[in-house]
Amino acid sequence: MLQDRIVKIQGILEKQDVEAVLFLNLSNVRYLSGFTGSDGALVVGREGSWFLTDSRYTTQAAREVTACPTIEYRVKLEGIAELLEAQGYRRVGFEDEYTTVAHFAALSAKVAGAELVPMSAGLATLRAVKDADELRLLAETARLASEALLSSLEGLRPGVIERDFALALEFAMRRAGADDKSFDFIVASGERGALPHGRAGEKAIGAGELVTIDFGALYGGYHSDETVTVCVGKADDQQRKIYGIVKEAHDRAIAAVRPGISFTSLDAIARDFIADQGYGDFFGHGLGHGVGLDVHEKPTLSPRGEGIVEEGMVFTVEPGIYIPEWGGVRIEDTVVVTGDGCRLLTKVPKELIILS
């Protein structure tokens, strides 16, 4: 499987007219080599590939990296430069979206004999289509997170501090078998629900408030991402109305997912419905994003998203309405694209949950 991924990269090299590509983004390094440590590099050439790391990780690499030889370096950039020089490479691709200006300058100085060629555009969809093993891990990760949320909701009541609930949810995930949380959870109640990224704070949740909970687990290197908005106590007419609009936008977009549809078209289905209901100014972010080794990765579902949906892609569908001084609603599921539609990986029901 890993060798197949290397072969895929080697095909890209010819199209991009480079002799090799240097990977420093650890998510890409893991995807292509199997290495799970926190420092290393991968060079893939047209006729060979090499994993590079230091003495802290050579034993680990011996177990994990099976598709290519491991080279131990003392100084990272010097080790990379020595390999590129030994192979005689003169045009080497690099991940320009990941590389800082300072890192690029240092790398250029070390590999003065080679031209560094930006490759992010050519690698943009490298991990977008998931294989069977990835889908298995993504499904299990989503299950762990969803079940942890459902088991934790009984603790969400008036007077509970947002941060305390977020901590209880993280503990529930860990007890269920998650390796870690996917990101810092968003728990935004009442007026704070108007903050799309309102991380859990010191606010006490009030009776009759909507609470937006954006959460995810990390398991086997793969992330989950899901958002529910619940009401703690009786929901009023305005809350039910806004929730209903967001839910309909969510449902319409998911029903339209299929291979061949563009990401911009999917975004427009949800966005246009919300606008038709008079709330277009209150939905500012894109409809969704890819999920995998990173919690935010390609593809991007937005008015500026490029490309079309392919079978095996995994991404979120998360429309929302955020009204200052009132609050907000977001509903998010993660889906995997099938041959004729999609199926949900996330498991929490998305009808409005009333916690009394």
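What follows draws every value from the coordinates through simple rules; no lab data is involved. What you are looking at is a predicted structure, and each value in this text was computed from that prediction instead of being measured. All Cβ positions, even for glycine, are placed from backbone atoms using ideal geometry, and neighbour counts span all protein chains on display.
So the values come out like this:
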quantity	calculated
Neighbour cut-off at most 14 other Cβ (10 Å), DSSP loop, GluC sites (Glu not before Pro), the stretch 69-167	E97
Dipole moment magnitude, nearest 20 debye, the stretch 55-199 about Cα centre, only Lys, Arg, Asp, Glu C-beta charged	140
Overall form of the stretch 206-305 per C-alpha gyration tensor (a/c, 1.5; a/b vs b/c)	oblate
Sum of side-chain charges, A249 neighbourhood, beta-carbon under 12 Å (Lys, Arg +1; Asp, Glu -1)	-2
Between 0 and 90°, nearest 10: helix 162-176 axis offset from the chain longest Cα axis	60
Under 19 Å from K130, Cα to Cα: lysines that are on another chain or at least 8 residues apart	K8, K298
Residues S224, S108, S146 arranged by fewest to most Cβ contacts within 10 Å	S108, S146, S224
Cα centroid of the stretch 229-247 to Cα centroid of the stretch 188-218, whole Å	14
Between 0 and 90°, nearest 10: helix 263-276 axis offset from the chain longest Cα axis	20
Residue order, fewest to most beta carbons within 10 Å, for L123, L150	L150, L123
Net length gained if the chain between R90 and E248 were fully extended (0.36 nm per residue, minus Cα distance)	51.5 nm
Cβ charges +1 (Lys, Arg) and -1 (Asp, Glu), total dipole of the chain, debye	340
The chain, relative contact order in percent, only Cα pairs under 8 angstrom and at least six apart counted	15
Positive-pole candidate from L167, A249, V211, dipole of the stretch 136-268, charges at beta carbon	A249
Three-way shape call for the stretch 132-355 based on the alpha-carbon gyration tensor, with the a/c threshold at 1.5	oblate
Full-extension gain in nm, E72 to E306, via 0.36 nm per residue minus C-alpha separation	80.3 nm
Cβ charges +1 (Lys, Arg) and -1 (Asp, Glu), total dipole of the stretch 2-123, debye	200
With Cα atoms, 0 to 90° folded angle of helix 2-16 axis to the chain main axis	80
Mean-position separation - Cα centroids, the stretch 123-167 and the stretch 23-70, in angstrom	28
Ranked K350, K247, criterion: other C-beta atoms within 10 Å, fewest first	K247, K350
Cα-based reach from K203 at 20 Å (exclusive), listing aspartates and glutamates while leaving out same-chain residues under 8 positions away	E154, E162, D164, E170, D184, E191, D214, E325
